[in-house]
Every structure is written in structure tokens, then in C-alpha cells.
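Notes for the one structure printed next.
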Amino acid sequence: MDSVLSLILIIITAIFVNNVVLAQFLGICPFLGVSKKVDTASGMGMAVTAVLVVATIVTFVIQKFVLDAFGLEYLQTIAFILVIAALVQMIEIILKKTMPALYQALGVFLPLITTNCCILGVAILVIQKDYNFIEGVVYALSTGIGFLLAMVLFAGLREQLDLVNVPKSFKGVPIALVTASLLAMAFMGFSGVDGGLKILFGLE
């Protein structure tokens, strides 16, 4: 029962309390660059979520059975970067061969994922937080959902901003940054929820 409650806590914390973009400031480049339209933002969010889960599984196995086993922990960052880059290339090839429709929809976003720091960040955080395999996968999936949520909300706000008369000096990037900061402040309202849930679930 405690393990199930721990997983629920990980999900809520990763999506709302410690949102990868709005609280940890990882993945800012796609957050600002691919969020002008809801459809492109949702496509990027889904692609990142898929890669996050696969990358976390592979990097977890490499960490536990290669780096830790042979005392090569100091190569973690380099190894993870190489693995993530290779994974993105493999996923791109597989999608192109097996699901061309999905490749056409996500293909434009896949190269951007290679340089998305939230993929590497989550892979390292799973190890630093000492999660087991199931907790690591759940954390990666929840983080991806949190990234998707932030992207879609931000894209929706930017689409609405295109319909209003924004002062000339604020048009473009300035109003986008102001909007992002307000969205981050809104998510700050969830801070402390994880502590309350720990007490409620009796995990503390």
C-alpha cells in the first residue's frame, strides 16, 4: 500500500509541485520556441514524454548494470548524453519505417529533443533521488505529462495574446516571458502540497 501511495505522490509532485519547466527550469528552449500554437506544443510535449520514458529506462539500466558495476559513475553525464542522442535517432528511424504518419506529425520535433536538457535532467534526477525502476519510470512519465501540460497551457495563452492589443514594446518575446513568469507563479500555488500529502498518507 505504501508503494502505491509513494507512486501517487511522485505523480502529483512531478506534474504540479516540481513541474520540470515552471519549477525546475529545464526544457526552456522548446517551451519558448515551440509554444506559439497548441497543436505544435502538444506534439512536442507528447514526443518529449515518449523519449523521457524510453531514455529513463535505458539510462537506468546502464547506470545500475554498467557504470555502477564497473565503478564508472564519473562517466554518467557523457554516457547519458550519448545514449539519449542515439535513442532519438533510433526512434526517428523506427517511426519513419513503421509509422510514417506519426513520423510526419512528430518528425519535426524529434531532432529538437536531442538538445532538450529536461531529458538529460530527468535521467540524472532518477539516479540522484535513488528511485527504483518502477518509481523512475513513473517519475519520467509524470514529468513528461507535466511538460506537456505546461506547453499546452502556455501555447493556449500565447494564442489568446495574439487576439488582443498588446503594447508595441511588449509584443513577441517580452510578453511571452511575462506570461511564462505568471504561469510559473500560478504553479507556485501547489508548493507544499507534497508535504501535506506525505502527512496525509503517513509517509513522513
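Charged side chains reduced to their Cβ positions (Lys and Arg at +1, Asp and Glu at -1) give the chain a dipole of some 660 debye around its Cα centre. Name the most mobile residue of I113, I62, I94, meaning the one with the largest mean-square fluctuation, in a Gaussian network model of the chain with Cα contacts below 10 Å. Ranking I113, I62, I94 by mean-square fluctuation puts I94 first.
Tell me, what is a quarter of the convex hull surface for the C-alpha atoms of the chain, in nm² with one decimal? Could the numbers behind the result be given before it?
On the way: hull surface 53.6 nm².
Over every viewing direction, the Cα hull of the chain projects on average to 13.4 nm².
Hydrodynamic analysis of region 37-81 uses the Kirkwood radius over alpha carbon pairs. Inserted into Stokes-Einstein at 37 °C and 0.692 mPa s, it gives a translational diffusion coefficient of 275 µm²/s.
Checking every one of the trypsin sites (Lys or Arg not before Pro) in region 96-204 against DSSP loop status and a limit of 11 other Cβ atoms within 10 Å picks out K129.
Of all complete DSSP H helices in the chain, those with a Cα span along the helix axis of 20 Å or greater and a mean Kyte-Doolittle hydropathy of 0.5 or more are 38-62, 76-98, 133-161, 173-187.
When you work out D = kT/(6 pi eta Rh) for region 31-151 at 4 °C and 1.567 mPa s, using the Kirkwood radius from C-alpha pairs as Rh and the Stokes-Einstein form, the result is 88 µm²/s. Accessible surface area normalised per residue over region 1-78 is 48 Å², counting heavy atoms of protein chains with a 1.4 Å rolling probe. Of the solvent-accessible surface of the chain, computed with a 1.4 Å probe and all protein chains present, 72% belongs to carbon and sulfur. For region 151-203, a Kirkwood hydrodynamic radius built from all Cα pairs, placed in the Stokes-Einstein relation at 10 °C and 1.306 mPa s, yields a translational diffusion coefficient of 121 µm²/s.
The values are calculated or read from the model by the stated rules, or taken from the named source; none is laboratory data. All values derive from a computational prediction rather than experimental measurement. Glycine also receives a Cβ, built like all others from the backbone with ideal geometry; neighbour counts cover every protein chain displayed. Surface areas here come from the heavy atoms of the whole protein model, side chains and all, with no ligands, DNA or RNA. Shrake-Rupley method; radii C 1.70, N 1.55, O 1.52, S 1.80 Å.
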